[in-house]
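Take a look at the structure below.
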């Protein structure tokens, strides 16, 4: 006789397979699909989303969850049931009509953005974004009423379970108390350092070869993934078939290279998730911030370290050609350069949190109904002036239209970037404690012990443990932002 838990497992395996198809179709939409296919693809993805929603919210699923709670399950099965229940509860709060409408609105907004951003067309973009915001507020209201939270906290919980605006206010408030001063001190210090700029152009084909070479160094499994180009870098697909993207600029190569390293961090996490649980909720990544911690661990903690940079420098020279700017010390200075800029994905790790806090504050006000879409540009400029001293008036392309997160209603996502940076710093400190000779190992290109530590402490656990418990198990304590501050001060002031 098939048990309630076994029936649930079969249902979630089916959902996983539909999710697989949606993930690859979504990747194709952003990379390979001709522009004329946008509407049909958006409708197909919306239809699939509704199908998955109907399967997940079937009353029978709730009955099976209740029955399975009485079953004799092991620890991992119990964790899987917990994640099943969470998924069922979250989905059951929304009508299928809202799921479909939001998917269609997001597809329209994102596709139009591809042409509107280069044209600096804020009015065109805003018209589509208003519908996305309207539907996101509707979703937030339904979730808030069911969970007795604010509208924004209800969306935040989708990406970072258990996190609240109050905790973010405290964490980000402490960060804002010391970050501006540190940023200014580092900029002044680096102004005294001579840095030779690389002389391009750098052929896109050569940059791609360099990216593939560094991905190999970082242990990316090309049997189960690939590298492509998109307007906005991302990691998609599924663990068995991870799709990462970057974007190239012939005038400089570091943004594409670091983008590849960043997305490879996401990909290694996906490829390292427990194989035996990949069709089940417990086999999924723990949270968005934990996912981001893996990409920032790879890019910021490891990828921009002096040891790693000097180790990959021969690959850079081999693919792009040697030149004075690619001498070891200059290469390190280039890659650790702090210069506040408009674009979040290209930001150095010191100014990056300012971008994230700006988005958090704006999107929370937007979802709570404190501001409207029309208010975004002025508020954006005000906050950029305050935090980074940059003027974005009239420059929507490099301001509030610069990436795609809001186009599909991913409100609540942005705070996880800086939470991820804090997790990454704490995890890297734990690695250094576990591997006292880490610096020597990195200088000799011995990266496998680092990957083994991540596999043992983060990747193999999927969603078995709540985020805080996962971090305690790995590092000995819950989130402690002091590790992030220590990392930044050590790298940028004390080297």
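Which percent, to the nearest 5, of DSSP beta bridges fully inside the chain are antiparallel? Could you put the intermediate results ahead of the total?
On the way: 5 of 10 bridges.
About 50 percent, rounded to the nearest 5.
Provide the FRET efficiency to the nearest 0.05 for the residue 437-residue 217 pair, computing r from the beta carbons and using R0 = 22 Å.
Numbers: r = 19 Å, r/R0 = 0.89.
Calculated transfer efficiency: 0.65.
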Using the alpha-carbon atoms, what tilt in degrees (0 to 90, nearest 10) does helix 96-116 show relative to the longest principal axis of the chain?
-> 20
Once the Cα atoms of the stretch 259-328 are picked out, what are the Rg and Dmax in Å?
-> 16.0, 52
Beyond 17 Å, the calculated P(r) of the stretch 136-186 holds a percent of Cα-Cα pairs equal to 48
What is the helix-to-structure angle for 306-320, meaning the angle in degrees between its Cα long axis and the longest Cα principal axis of the chain, kept from 0 to 90 and rounded to the nearest 10?
-> 80
Send over the per residue convex hull volume for the stretch 168-258, Cα only, as a whole number of Å³.
-> 165
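Whole-Å semi-axes of the stretch 305-372's equivalent ellipsoid, largest first, each the root of 5 times a Cα gyration tensor eigenvalue?
Numbers: eigenvalues 287, 22, 18 Å².
The three semi-axes for the stretch 305-372 are 38, 11, 10 Å.
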Measure out, as a whole number of angstrom, how far apart the alpha-carbon centroids of the stretch 382-423 and the stretch 156-223 sit.
-> 14
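When every alpha-carbon pair in the chain is counted, what percent end up more than 45 Å apart? Could you put the intermediate results ahead of the total?
Details: 12098 of 122265 pairs.
Within the chain, distances greater than 45 Å cover 10 percent of Cα pairs.
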Cα-based helix-to-principal-axis angle, 4-31 vs the chain, degrees rounded to 10 | 40
P(r) for the stretch 197-333: what percent of alpha-carbon pairs falls in each 10 Å bin, starting at zero?
-> 12, 42, 32, 11, 3, 0
Largest to smallest principal axis extent of the C-alpha atoms in the stretch 341-394, angstrom = 32, 21, 17
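Taking the convex hull of the alpha carbon atoms in the stretch 4-92, what volume per residue do you get, in Å³?
Values: hull volume 8.0 nm³, N = 89.
Convex hull of Cα atoms, per residue: 89 Å³.
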Where the convex hull is taken over the Cα atoms of the stretch 374-455, what is its projected area averaged over directions, in nm²?
-> 8.5
Can you tell me what the convex hull of the Cα atoms of the stretch 272-385 projects to on average, as an area in nm²?
-> 11.2
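Computed from the coordinates by the stated procedures, all read-outs in this text should not be read as laboratory data. What you see is a predicted model, and the numbers here were worked out from it, not measured in a lab. Because the Cβ atoms are built from the backbone with ideal geometry, glycine has one as well, and the counts that use them run over all protein chains shown.
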